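Reading through the structure tokens given below for one structure.
The values are calculated or read from the model by the stated rules, or taken from the named source; none is laboratory data. Keep in mind the model is a prediction, meaning the values are calculated, not measured. Glycine also receives a Cβ, built like all others from the backbone with ideal geometry; neighbour counts cover every protein chain displayed. Heavy atoms of the whole protein, side chains included, go into the accessibility calculation; ligands, DNA and RNA do not. Shrake-Rupley method; radii C 1.70, N 1.55, O 1.52, S 1.80 Å.
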Protein chains: 2
Amino acid sequence: MSSSQSLEKVCIIGSGNWGTAVAKIVGNNVTRFPHIDSKVMMWVFEEQVDGTPLTEVINTRHENTKYLPGIQLPANVVAEPNLLKAARDATLLIFVLPHQFIRHTCVELRGHIRPNAKAISLVKGLDTHDGGLDLVSNVIADELSKPSGSSSTNGNGRTDRLDVSILSGANIANEIAQEKFSETTIGYRIEQNGRLFHDLFNTSYFRVNIVNDPSGVELCGALKNVVALGAGFVDGLDLGDNTKAAIIRIGLMEMMRIAQYVDPSVRDATFFESCGIADVITTCYGGRNRRIAEAFVRTGLPFDDLEKEMLNGQKLQGTSTCLKVCQFLRERQLSQEFPLFTTIYNICFQGLPPDHITQFPLPHLSKM
Amino acid sequence: MSSSQSLEKVCIIGSGNWGTAVAKIVGNNVTRFPHIDSKVMMWVFEEQVDGTPLTEVINTRHENTKYLPGIQLPANVVAEPNLLKAARDATLLIFVLPHQFIRHTCVELRGHIRPNAKAISLVKGLDTHDGGLDLVSNVIADELSKPSGSSSTNGNGRTDRLDVSILSGANIANEIAQEKFSETTIGYRIEQNGRLFHDLFNTSYFRVNIVNDPSGVELCGALKNVVALGAGFVDGLDLGDNTKAAIIRIGLMEMMRIAQYVDPSVRDATFFESCGIADVITTCYGGRNRRIAEAFVRTGLPFDDLEKEMLNGQKLQGTSTCLKVCQFLRERQLSQEFPLFTTIYNICFQGLPPDHITQFPLPHLSKM
């Protein structure tokens, strides 16, 4: 059927808590648009749940009992354990994997995606590359634009570089799955793709704003976790509401200026979007980085022990982002322009007592 | 002594919880500056505390046992029950009274302040005047610039209009009195006066930023209380962290745009200062407006009853500000540009069910 060939087709790459919440939204939305195929593929890393493959559970019970129990998925979301099979027809690729699996997954996909595919990344985190900071969206675009089997950075397997948008916001997966009102931000390079992804994600309870600032949106999602460590130290020290609000504010200001050093095209206005201020607030009041930083102060235990004990050994994203960002700043001799981030680094990695969180010179705060 | 005549002299007008916390800071700071008289007058509305006048308690025990118990005040802070006597030599007037006492106090002071006096207002709230919104700082400047005994608006008792700066920020008085770290913002019209007040208030634990945007700083302090009502409704409905962060963000964006309609000189950057984002956060997580709005949802009782029960009959500032602001918007046919403020108004005053707090059209959010 030739008309179906011009339809956009969606593949969600990832099926954890957030990926499954997104599958519910996207699965419902696609049925409203004649230009989008109503079947949504979801690549699922296969595992057994009570002796049954997770894909089979999802495809028969329409529920991801392992990662988002209790939430009904639309029947048009189809779980598929084979990555290449899941993605091969897709024109709209949604990446929603833990950061550490991205490069490997993209290498596997390389040469197997549609030439007219567009991607959106819901992945949080930062890579480092030759002393610089590398955005996950760049990793995706780089890896998927290289010719298959090659490791050179200029692709000739594709004529164009894969366009990767970003989605980030104050988005706790379980609350969104329960259809509690929230907002999110999509940062686009190509406006047409931004609008396409807006339609794919926007609902009455999940309000999408699109902005032409993909780097800004992505950097917000990574840098906020460092600020959350500072907020956790404040909580651990029982310093109260004023102090916490001050640390959040100073953190947001430092995020804005760090983002400028990483990518001068980043716009200050993006920090007023859901991906900025709203996500920083949510992360500094809820969130695991805040929680573990509070425990770090109260128990005196090292982060490694707390990760083992409180996160089943998963690594905290705030500390690894802090390490990468502060190394980036140090190499450029910018550390003293960022007293809060530098203090958080020194508390996490240099044995500085946590009560130094409020003892730094007043930064120059307004840049607008 | 002629040299003492050129010294700046401070009078704090007000001695409640916040006024007393400020007296501690200012009393300590003045001793560090040779150009400021080390005696700080504090006008105290006289009342009896266990049979002793409050001024006598303050001047002998150096503690305001009624409004800030447990905090030692510097001995150079002198409580004075007579308003005119307290203020007559002052060149630096610090207004820190409940909003409803401002006009009356200024009328009493009119014609009795030094010609070279400068003022700073720590008062939160908004007045209305001929269908417009009137800032408290304008009330102070208007009333004190009129000739004594006159009610005309053009003063000739003073040759210049009294310059009034503004101080506002994420400032819970008890936490500051305990020297917990926080920030604040001073908005000035005349830079020299902004710097003077910076020196008067800034300490290592109470960090002052000065900005040339007095209206912006003052409007933040008034409008935030309306947003806090919205945050309280969210809490009462158990909508969770995402929703609350979204309401705070949308509220901040509406605050920015309302401020523009009240005074087009207001700068967006001011909303990134402590008086903006930090104070909104503090007020939406702590704060009485949030607390009573939550109780409004949970109990179904009217605000009047909740004020009587939870605030000893004191009036909530958020509801009265909401009423004034939404009337201002309605008269200008701007209500639909401000769906969150309008929804909060409709919930408070028009019987709209609180769960409509998340049911409004997506506003146009970015104006920067």
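Secondary structure note: in the protein assembly as shown, about 25% of the DSSP beta bridges are antiparallel. Every pair of different Cα atoms in the stretch A:215-367 enters the Kirkwood calculation, which places the hydrodynamic radius at 15.2 Å.
Listed values for the stretch A:95-110 are Karplus-derived 3J(HN,Hα) couplings in whole Hz (6.51 cos²θ - 1.76 cosθ + 1.60, θ = phi - 60°), namely 8, 9, 10, x, 3, 6, 9, 5, 4, 4, 5, 5, 4, 5, 7, 3, and x replaces Gly and Pro.
When the surface is traced with a 1.4 Å probe over the full set of protein chains, residue B:114 keeps roughly 60 Å² accessible.
Model label points for residue A:134 and residue A:199, set 7 angstrom from Cα along the Cα-to-Cβ axis, are 3.4 nm apart.
Angle of helix B:17-30 to the longest C-alpha principal axis of chain B, folded into 0 to 90 degrees and rounded to 10: 40°. Nearest 500 deg cm²/dmol is fine: what mean residue ellipticity at 222 nm does the protein assembly as shown get from its DSSP H runs of n ≥ 4 alone, each adding -39,500 (n - 2.57), divided by its residue count? That comes out to -13500 deg cm²/dmol. Of all DSSP-defined beta bridges confined to the stretch A:3-212, some 25% are antiparallel rather than parallel. Within the listed set B:232, B:51, B:287, the Gaussian network model of chain B (springs between alpha-carbon atoms below 10 Å) gives the highest mean-square fluctuation for B:51.
Overall form of the stretch A:44-151: prolate. Here a/c, set by the Cα gyration tensor axes a ≥ b ≥ c, is 1.5 or more, and a/b is the larger of a/b and b/c. Note on the protein assembly as shown: percent of Cα-Cα distances in each 20 Å bin, starting at 0 and stopping at the bin with the largest distance, equals 16, 45, 28, 9, 1. Among residues other than residue B:78 with Cβ under 15 Å from its Cβ, the summed charge is 0 (Lys and Arg +1, Asp and Glu -1). Here the Gaussian network model covers chain A, with springs between Cα atoms less than 10 Å apart; of A:249, A:298, A:290, A:298 fluctuates the most.
Converting phi to 3J(HN,Hα) with the Karplus coefficients 6.51, -1.76 and 1.60 and the offset θ = phi - 60°, the stretch B:162-173 yields 4, 7, 10, 8, 10, 10, 7, x, 6, 10, 7, 4 Hz in sequence order, with x at every glycine or proline. Please compute the net charge surrounding residue A:315, taking Lys and Arg as +1 and Asp and Glu as -1 over other residues with Cβ under 12 Å from its Cβ. That sum, taken over residues with Cβ under 12 Å, equals 0.
Modelled spin labels at residue B:52 and residue A:39, positioned 7 Å past Cα toward Cβ, are 8.6 nm from each other.
How big, on average over all directions, is the shadow cast by the Cα convex hull of chain A, in nm²? Display every interim value, and only then the final one.
Numbers: hull surface 75.8 nm².
With the hull built on Cα positions only, its mean projection is 19.0 nm².
In this Cβ point-charge picture (+1 for Lys and Arg, -1 for Asp and Glu), the stretch B:63-154 has a dipole of about 220 debye about its Cα centre.
Here the Kirkwood formula, the inverse mean of 1/r across different C-alpha pairs, assigns the stretch A:1-99 a hydrodynamic radius of 13.4 Å. Output the 0 to 90 degree angle, nearest 10, between the alpha-carbon long axis of helix B:241-262 and the longest principal axis computed from the alpha carbons of chain B. Roughly 60 degrees between the two axes. All Cα-Cα distances of the stretch B:3-212, cut into 10 Å bins from zero to the largest, leave 9, 36, 39, 15, 2 percent in each bin in turn.
When the Gaussian network model of chain B links Cα atoms closer than 10 Å, the mean-square fluctuations of B:301, B:334, B:316 top out at B:301.
Isolated cysteines of the protein assembly as shown, defined as having no other cysteine beta carbon under 4.7 Å away, are A:11, A:106, A:284, A:322, A:326, A:348, B:11, B:106, B:284, B:322, B:326, B:348. Amide H to amide H, with H built 1.01 Å from N, residue A:118 comes under 5 Å of A:92, A:93, counting only residues 5 or more places away or on other chains.
Here the alpha carbons of the stretch B:206-261 define both size measures, Rg and Dmax, at 13.3, 40 Å.
In the stretch B:1-56, which trypsin sites (Lys or Arg not before Pro) fall in coil by DSSP and have 12 or fewer other Cβ atoms within 10 Å? Each step should come with its number before you reach the end.
Details: sites: B:9, B:24, B:32, B:39; in loops: B:32.
Those that pass, being in a loop and sparsely packed, are B:32.
Other residues whose C-beta falls under 10 angstrom from the C-beta of residue B:239 contribute a net charge of -3, scoring Lys and Arg +1 and Asp and Glu -1.
For the residues of A:197-205, the average number of beta carbons from a partner chain within 10 Å of their own beta carbon is 1. Placing a pseudo-label 7 Å from each Cα along the Cα-to-Cβ vector at residue B:299 and residue A:323 gives an inter-label distance of 5.2 nm. Centroid-to-centroid, using Cα positions, the stretch A:60-110 and the stretch A:250-300 are 28 Å apart.
Principal-axis analysis of the Cα atoms of chain B puts helix B:191-201 at an angle of about 80° to the longest axis. Ranked from shortest, the separations from the 7 Å Cα-to-Cβ label point of residue B:31 to its equivalents in the other copies are 7.4 nm. Annotation for residue A:261, label-to-label distances across the other copies: 4.1 nm (shortest first, one decimal, point 7 Å from Cα along Cα→Cβ). Taken about its Cα centre, the stretch A:215-367 carries a charge dipole of roughly 180 debye when the Cβ of each Lys and Arg holds +1 and the Cβ of each Asp and Glu holds -1. Between the amide H of residue B:352 and those of B:347, distances stay under 5 Å, these residues lying 5 or more places away or on another chain, with hydrogens modeled in the peptide plane.
Shown for residue A:111: label points 7 Å from Cα along the beta-carbon vector, and their distances to the equivalent points in the other copies, 9.5 nm in ascending order.
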